[in-house]
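Since the structure comes first, as structure tokens, the remarks are kept for the end.
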Amino acid sequence: MKKICLIMLALAALVCSGAENKKTAEKLSVPICQEAIKKFSAKRFKIVLFGASNTERYASFMHWGDVLETSLRKKYYRRFHVINSGYSGSNTRDAKERFDWMVRDFKPDVVVITFGGNDSLNNPKRFIEEKEFAANLEFFVKEIRSWGGVPVLQTYYMPNLKVLDPVYAKNFVRYMQVVRDVAAKNKVFLVDQYKFFEKVDRTTHLYKLMLNAMHLNEQGNMLMGTILAKHFGLAPEKAPHNEKVLAAIRLFNKITGK
């Protein structure tokens with residue numbers, strides 16, 4: 001009986017290993033946002049990061065915006081400003097009300113838009129219906145384009161869905177698809193963070209990248225910043241003093257087959 005149990009455990013381990021190998025074997029391509037790169041060729045340019053708590057500095061460690069900024073500085077020197085307009089707890093309705101002073105007033109050349117985590121909450125006071133969520137994203141896109149700016153839609157990373165409220169978890173996944181759909185419909189460049197994080201093995205994802213069920217720790221932020229920087233044709237591995245980001249770069253290379 002003991003021998004049979006050991007055999008069954010070994011088979012189970014092989015199945016899990018096979019699933020993980022298949023998960024990482026399907027590598028992801030990294031499209032480059034050429035519209036943004038054109039803006040980066042100007043004498044001066046501004047980038048606004050527009051989102052909720054995962055855009056705002058959630059904790060006192062390096063942030064995905066830092067990886068973007070140091071990568072930009074390596075290639076474009078000090079010809080730019082990165083402005084963090086994250087606001088913890090925001091859904092797109094809140095963000096629409098704050099749009100003027102958080103985005104429009106800066107007239108940025110590029111805006112990275114990251115929403116959906118609060119719009120999809122299982123909370124009647126905070127929940128935003130899919131139709132309104134999509135319309136709000138389209139409002140941001142239209143307004144940014146009105147002054148010649150480049151909107152970039154970015155999904156969230158993959159949170160720890162198994163410990164979230166089941167309704168919220170289901171909503172969240174659906175709302176990330178809404179972001180993709182809005183990007184496709186409006187021909188907006190998309191950075192699909194979720195799909196990259198989905199390729200990371202579960203142990204690394206849960207214990208090395210997540211601070212809690214919904215927020216990234218420092219290493220998770222490093223990976224998110226690396227993914228974004230790569231979509232802008234940047235090389236965070238060449239940035240000065242990049243010791244903290246090297247592990248994230250190795251993980252990025254693994255999931256993209258570099």
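The values are calculated or read from the model by the stated rules, or taken from the named source; none is laboratory data. These figures come from a predicted structure and were not determined experimentally. Don't worry about glycine lacking a Cβ; one is built from the backbone with ideal geometry, like all the others, and counts go over all protein chains shown.
Taking first residues from region 208-220 that are more than 11 Å from Ala247 (Cα to Cα) and partners that are outside any loop (DSSP other than H, G, I, E, B) and of a type in the set (Val, Ile, Thr), the Cβ contacts under 8 Å between residues at least 6 apart in sequence or on separate chains come to Ala213/Val163. When residues in region 211-258 are screened for being in contact with a strand residue (DSSP E or B) (Cβ under 8 Å, 6 or more places away or on another chain) and polar (S, T, N, Q), 1 of them pass.
Here is a yes/no grid of residues against (1) within 21 Å of Val141 (Cβ to Cβ); (2) over 17 Å from the mean Cα position of the chain (by Cα):
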{"position": "Val178", "(1), (2)": "yes, no"}
{"position": "Gln193", "(1), (2)": "yes, no"}
{"position": "Thr203", "(1), (2)": "no, yes"}
{"position": "Met222", "(1), (2)": "no, no"}
{"position": "Ala229", "(1), (2)": "no, no"}
{"position": "Gly233", "(1), (2)": "no, no"}
{"position": "His241", "(1), (2)": "no, yes"}
{"position": "Ala247", "(1), (2)": "no, yes"}
{"position": "Gly257", "(1), (2)": "no, yes"}
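Do any helices (runs of 4 or more DSSP H) lying entirely in region 137-232 carry at least 2 residues that are modelled with pLDDT of 95 or more and surrounded by fewer than 20 Cβ atoms within 10 Å (Cβ to Cβ), and which ones are they? Because the criterion is at least 2 residues that are modelled with pLDDT of 95 or more and surrounded by fewer than 20 Cβ atoms within 10 Å (Cβ to Cβ), the helices (runs of 4 or more DSSP H) in region 137-232 that meet it are 166-185, 193-198. Scanning region 34-54 for residues that are in a loop (DSSP other than H, G, I, E, B) and within 14 Å of Pro108 (Cβ to Cβ) gives Ala42, Arg44. Evaluating Tyr77 against the criteria (1) surrounded by 23 or more Cβ atoms within 10 Å (Cβ to Cβ); (2) at positive phi; (3) of a type in the set (Ser, Thr, Tyr) leaves one unmet condition, (1). Scanning for something at pLDDT below 95 and aromatic (Phe, Trp, Tyr), does region 33-47 turn up at least one residue? Scanning region 33-47, I find no residue that is at pLDDT below 95 and aromatic (Phe, Trp, Tyr), so the answer is no.
The residue that is surrounded by the fewest Cβ atoms within 10 Å (Cβ to Cβ), counting only those in region 233-257 that are of a type in the set (D, E, K, R) and either within 20 Å of Ile37 (Cβ to Cβ) or in contact with a Lys or Arg (Cβ under 7 Å, 6 or more places away or on another chain) (or both), is Lys238. Of the numbered conditions (1) aliphatic (A, V, I, L, M); (2) farther than 13 Å from Ser71 by Cα; (3) at pLDDT 95 or above, Ala247 satisfies every one except a single condition; which is it? So Ala247 meets the others, but not (3). Please go through (1) under 14 Å from Val112 (Cα atoms); (2) buried (at least 17 other Cβ atoms within 10 Å of the Cβ); (3) in contact with a strand residue (DSSP E or B) (Cβ under 7 Å, 6 or more places away or on another chain) for Leu72 and return the number of the only condition it doesn't satisfy. Looking at each condition in turn, Leu72 falls short on (1). Apart from one condition, Ile83 fits all of (1) β-branched (Val, Ile, Thr); (2) surrounded by 19 or more Cβ atoms within 10 Å (Cβ to Cβ); (3) without any contact (Cβ under 8 Å) to a residue 60 or more places away in the chain; (4) outside any loop (DSSP other than H, G, I, E, B); the exception is (2). Got at least one residue in region 93-110 being closer than 21 Å to Arg174 by Cβ, buried (at least 24 other Cβ atoms within 10 Å of the Cβ) and under 16 Å from the mean Cα position of the chain (by Cα)? No. Taking the criterion of being closer than 21 Å to Met158 by Cβ and of a type outside the set (Asp, Glu), the residues of region 111-122 that qualify are Val112, Ile113, Thr114, Phe115, Gly116, Gly117, Asn118, Ser120, Leu121, Asn122.
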